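As structure tokens, the structure follows; a few thoughts come after it.
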Amino acid sequence: LPGVLVVGGPRFELEPEAATRLCAAWADAGVLAAVDTPWPLVVLVDDVDEAAHRLRDLLWVTFTRSNPAHDVHGVGAQIVHKHWGCAGALVIDARRKPHHAPPLIEDDAAVRRVESLAVHGGPLHGLF
């Protein structure tokens, strides 16, 4: 997706302030610090391959693993007249947090059982 950079980071439990430190380091180095940066949105994740696999995966990871009040940061962030803004990239910390539910993993046997009910003549035929 043009304009979006997905970056892998350490587990939240090991470094909860990684997004803040990343923004500060980028601001000090002048990286992603301008309004016209090629990546105006940076998403900090646990697993880059999972998050960047498909657009729907990126959206799922970004918006189910982040809290707008706590996990939105910015390169060159500042508050002016009670309004937050940033001079460069917006950074969303979408790593798994300790209070999140564990990942939902499909059980292959259960999937096969449900799919067998969806065959022609089965009770779930035509529903999916």
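Bear in mind these aren't lab numbers, they're just calculated from the coordinates by the rules spelled out. Predicted model only: the values in this text are computed from it and were never measured. Methodologically, a virtual Cβ is constructed for each residue, glycine included, from the backbone with ideal geometry; neighbour enumeration extends over all protein chains shown.
General remarks:
- Residues that are among the β-branched types (Val, Ile, Thr) and under 22 Å from Thr64 (Cβ atoms) were ranked within the stretch 1-48; the one that is surrounded by the most Cβ atoms within 10 Å (Cβ to Cβ) is Val43.
- For the stretch 89-128, the tally of residues that are in a helix (DSSP H, G or I) and either among the basic types (Lys, Arg) or touching a helix residue (DSSP H, G or I) at 6+ places or on another chain (Cβ under 6 Å) (or both) stands at 2.
- For the stretch 61-84, the condition holds for at least one residue, the condition being that it is under 23 Å from Ile105 (Cβ atoms), assigned to a loop (DSSP other than H, G, I, E, B) and out of contact with any strand residue (DSSP E or B) (no Cβ under 7 Å at 6 or more places or on another chain).
- Each residue in the stretch 49-74 was checked for being surrounded by 18 or more Cβ atoms within 10 Å (Cβ to Cβ), within 8 Å of the chain's Cα centre (by Cα) and over 12 Å from Asp93 (Cβ atoms), and 2 of them qualify.
- Yes/no for Leu32 being within 11 Å of the chain's Cα centre (by Cα) and outside any helix (DSSP H, G or I): no
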